[in-house]
Amino acid sequence: MTLAEQAAANLRHPLTLALLALTFSTGTVDAVSYLGLGHVFTANMTGNVVLLAFGIAGAGHLPVLAPIVSMVTFALGVGAGGVLGRRLGQRHPADFAVALALEGAMLTAAAILVAVATIHPGSAPADVTIALMATAMGIRNATVRRLAVPDLTTTVLTMTLTGLAADSKLAGGTGKGTVRRSMAILSMLVGALCGALMLRTGLVLPLAFAAGLALVACLAYPPAGRAASKSEASGAGSPKVTDDAALRAGA
């Protein structure tokens, strides 16, 4: 079984839990950027393409520069994540930990910036904050893409929702993957809700929270991932909680 297959099959696998936590973080991060920095996403680039088109058309007083800054720095982050992956090769836990450390560091820098600067949409400090956040999300996306765990991209839910509906028993499918997909959607939903609520205190708290989540995952995942790999290799460990098992339990 590949690592991606192990994570997809077991909801308790450390990688699955880490990716769900990062999906939660995505909701918080995009709540900050969209609601606090002027209608721009720093994780969801599809949304930025659409918002940029609206801004160019002069619709809804939407910005033009902010989505450009976000997309360009996101791409730079993806490039950096690609270089990181090639240099670390097959050392998966190290690659993931370094990527999460960089994400946490950039989100921490963003939190410090909004704490010391006057931030309002369209200002230079706001654009720098967007750049830091988007770069962090780009590094993460490059790393998660290499992992290729089904339905757990951490930033995009379109295909996850498509798979949930298309493979559902209501649509004549097997229902396989229902729990994993539902958890991914719920994680981002709750993360965005928490981010929006934390924004009532300002920009610092949700950014610090997202940074802390990345750093906790950075520290917690490598030992847990190595232990899970050893357990898988030896055939030991606790019973897996699979999508099929969860569906049967809920039946």
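The values are calculated or read from the model by the stated rules, or taken from the named source; none is laboratory data. Owing to the predicted nature of the structure, the values given are computational and were not obtained by experimental measurement. Neighbour counts run over all protein chains shown; Cβ positions are idealised from the backbone, glycine included.
Kindly establish whether Ile185 is β-branched (Val, Ile, Thr), in contact (Cβ under 8 Å) with a residue 24 or more places away in the chain and more than 19 Å from Ser33 (Cα to Cα). Judged against the criteria, Ile185 is a match.
Taking the condition crowded, with 24+ Cβ neighbours inside 10 Å and within 20 Å of Ala126 (Cα to Cα), does Leu62 pass? Taking the combined requirement at face value, the residue does not satisfy it. For region 165-185, a residue qualifies if it is surrounded by 14 or more Cβ atoms within 10 Å (Cβ to Cβ) and part of a helix (DSSP H, G or I), and the qualifying residues are Thr178, Val179, Arg180, Arg181, Ser182, Met183, Ala184, Ile185.
Would you confirm, using the coordinates I've provided, whether Gly173 is at pLDDT below 95 and on the phi > 0 side of the Ramachandran plot?
Taking the combined requirement at face value, the residue does not satisfy it.
So, Thr143, is that one assigned to a helix (DSSP H, G or I) and either small (Gly, Ala, Ser) or modelled with pLDDT under 95 (or both) or not? For Thr143, the condition - assigned to a helix (DSSP H, G or I) and either small (Gly, Ala, Ser) or modelled with pLDDT under 95 (or both) - is met.
Please verify whether Met159 is modelled with pLDDT of 95 or more and either part of a helix (DSSP H, G or I) or among the polar types (S, T, N, Q) (or both), treating the condition exactly as stated. No. Being under 15 Å from the mean Cα position of the chain (by Cα) and among the charged types (D, E, K, R): is that true of Asp30 here? It is true that Asp30 is under 15 Å from the mean Cα position of the chain (by Cα) and among the charged types (D, E, K, R).
Would you please name the residue that is nearest to Phe96 (Cα to Cα), looking only at residues in region 140-177 that are of a type in the set (A, V, I, L, M) and within 12 Å of the chain's Cα centre (by Cα)?
The selected residue is Val144.
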